[in-house]
Amino acid sequence: MTTTRQDSAFVALESYLAKTVRIEQAMTYLEWDIETHMPAGAASQRGEQVAALTEVRHARWVSSELGDLLEQAESSGLDERRQAVIREAKIERNRAVKVPVELSAEIARTKPVAGKSWENAKASADFGVFRPMLVTMVELRRQEADALAEGGDRYDALLGDYEPGMTGARIEGLFSGLRSGLVEILGHVRDSAANLPDISGRFRDDLQMKLARELASTFGYDWNRGRLDTSSHPFCCGSHNDVRITTRRKETDPLECLYATIHETGHALYEQGVDPALGSTVLGQGASMGIHESQSRILENQIGRSRGFCRHLFSRMCAVLGSAGVGSPEELYRAVNKVRRGFIRTEADEVQYNLHIMLRFDLERALVGGDLEVDDLEGAWNDRFAADFGFEVDNAANGVLQDAHWSHGLFGYFPTYTLGNIYSGELVDALFSDVPDLEDRLASGDTDALVAWLRHRIHRHGRLIEPSRLIAQAVGHSPTAEPLLRYLNAKFGELYGF
Ligand code: ZN
């Protein structure tokens, strides 16, 4: 094919894909609205709107027109960007083509029913209430995985939606030394006589939001291309020129609002930092859930909960909120890193969080693979929890029923949280060796070097580079959990005296 013909074929493909991307973007903001401002009475109308757009989007991915465009545009000698566009488009198209429409529709119909059943079960702390719907959901997702895997591994097929190219076996390898290392740290913390402080006081809602906005600005969040609202579960959504974040508030604990904002700002910086030239293409967003989570966790944990940043945060809390709830920057550092005994993943600290995730990863992988049945799930959960955390689950709402994910059919999503933490351990190692005075800079609220580094290594690439290659390129080798474990041992060893 001549260069000109190849060029025009590619232009046609990109223009087709750009329209699909815009439809997907529009769906994102409709969903954002559901969580933030939509009047309650609009729920069913909104449901119909989302369903109609879902149908349009699906038709565009499976169309013969797209098949022809891909065939015409594909040829040898394409540059990196064009190869990446074709790779990403084929992943989406394959998924849409392989899963029977009736099965996708059945899963979509089951989600709200399973969600309701999970809510009822959680309210009564009775797993038996949720069990029949979970059996249905697991069965549907097994069928979907079989359609996608075509004889390959079921769990890997589902994982690919969230972490393209990753496999359950590779995750198992990455996680293997982490679990025993964390259980050991947790044991040391339990045996320690150290008594870390808590925040106390009452903090006005409007002042919490004022400081939350200021902190997002401190990290370089672009308000001209974003906004901050509140929702029951904080999230970040959107891409390119419209990347929105949410937070939540608690009168007695401003840290919840502030750290949720910092976390979501990490996600938002990633999306706002993608090369604008990729904006409305299939490459114009973060590479994977795991890479995304690394960006939010670095800001929230290794940076946000560092001694240096706590000095800055202490002075800003005193100035804006009137108090930091503790008496010194060092006390704030100790309060934000306190390890508390608890059952709940979303409230867990840096030590316990990944134990929560590894538990869920092993159980859901066995469920999807057929090695564990729903009837045995609660017992398996409770046994594993007691072994890793050192105490017993008191009721199902604090155990197997605590997360909504499985009721939505999300299997393969959980491990991306810990992948994010592992990647963040590697990235921060490389970051501190490139910017050795970062801690001092953070103490005065200077994040320029941090953000420039993340932009250069990760953000600007969008989906141009596959996740595993992106992270290996950013840190100079294939990632392992070793830097994360070393960081946690050093930090909590000093705090708890082991
Ligand atoms: Zn996140």
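What pairs can you find where one residue is in segment 473-494 and without any contact (Cβ under 8 Å) to a residue 60 or more places away in the chain and open to solvent by 70 Å² or more (accessible area, probe 1.4 Å), the other is part of a helix (DSSP H, G or I) and small (Gly, Ala, Ser), and their Cβ atoms are less than 6 Å apart, with a gap of 6+ or different chains? Pairs that qualify, where the first residue is without any contact (Cβ under 8 Å) to a residue 60 or more places away in the chain and open to solvent by 70 Å² or more (accessible area, probe 1.4 Å) and the partner is part of a helix (DSSP H, G or I) and small (Gly, Ala, Ser), are Ser478/Ala472. When segment 200-224 is filtered for residues that are open to solvent by 30 Å² or more (accessible area, probe 1.4 Å), assigned to a loop (DSSP other than H, G, I, E, B) and within 16 Å of Ser323 (Cβ to Cβ), the ones remaining, listed by number, are Ser200, Gly201, Arg202, Arg204. The residues of segment 238-288 that are of a type in the set (A, V, I, L, M), assigned to a helix (DSSP H, G or I) and more than 30 Å from Ile199 (Cβ to Cβ), listed by number, are Ala277, Leu278. Of all residues in segment 91-140, exactly one satisfies the criterion of being crowded, with 16+ Cβ neighbours inside 10 Å, in contact with a Phe, Trp or Tyr (Cβ under 8 Å, 6 or more places away or on another chain) and polar (S, T, N, Q), namely Ser117. Which of the numbered conditions does Trp32 fail, given that it passes all the others? Conditions: (1) more than 25 Å from Gly462 (Cβ to Cβ); (2) modelled with pLDDT under 95. In the conditions (1) more than 25 Å from Gly462 (Cβ to Cβ); (2) modelled with pLDDT under 95, Trp32 misses (1) alone. Only one entry of Arg334, Arg305 meets the criterion of being away from the ligand (no atom under 16 Å from the Cβ), open to solvent by 20 Å² or more (accessible area, probe 1.4 Å) and at pLDDT 95 or above, and that entry is Arg334.
Only one of the numbered conditions (1) open to solvent by 50 Å² or more (accessible area, probe 1.4 Å); (2) within 16 Å of the ligand (Cβ to nearest atom); (3) not polar (S, T, N, Q) is not met by Ala193, and that is (2). When Ile298 is tested against (1) buried (at least 23 other Cβ atoms within 10 Å of the Cβ); (2) closer than 21 Å to Gly165 by Cβ, exactly one condition is not met: (2).
Residues in segment 225-234: is at least one open to solvent by 40 Å² or more (accessible area, probe 1.4 Å) and within 16 Å of the ligand (Cβ to nearest atom)? Yes, there is a match, as at least one residue in segment 225-234 is open to solvent by 40 Å² or more (accessible area, probe 1.4 Å) and within 16 Å of the ligand (Cβ to nearest atom).
If the condition is being hydrophobic (A, V, I, L, M, F, W, C) and open to solvent by less than 40 Å² (accessible area, probe 1.4 Å), then segment 235-261 contributes Cys236, Cys237, Val243, Ile245, Leu255, Cys257, Leu258, Ala260.
The values are calculated or read from the model by the stated rules, or taken from the named source; none is laboratory data. Model, not experiment: these values are computed from the prediction. So basically every Cβ, Gly included, is an ideal-geometry build from the backbone, and we count neighbours across all protein chains shown. Please note that ligands, DNA and RNA were not included when accessible areas were found on the heavy atoms of the full protein model with its side chains. Shrake-Rupley method; radii C 1.70, N 1.55, O 1.52, S 1.80 Å.
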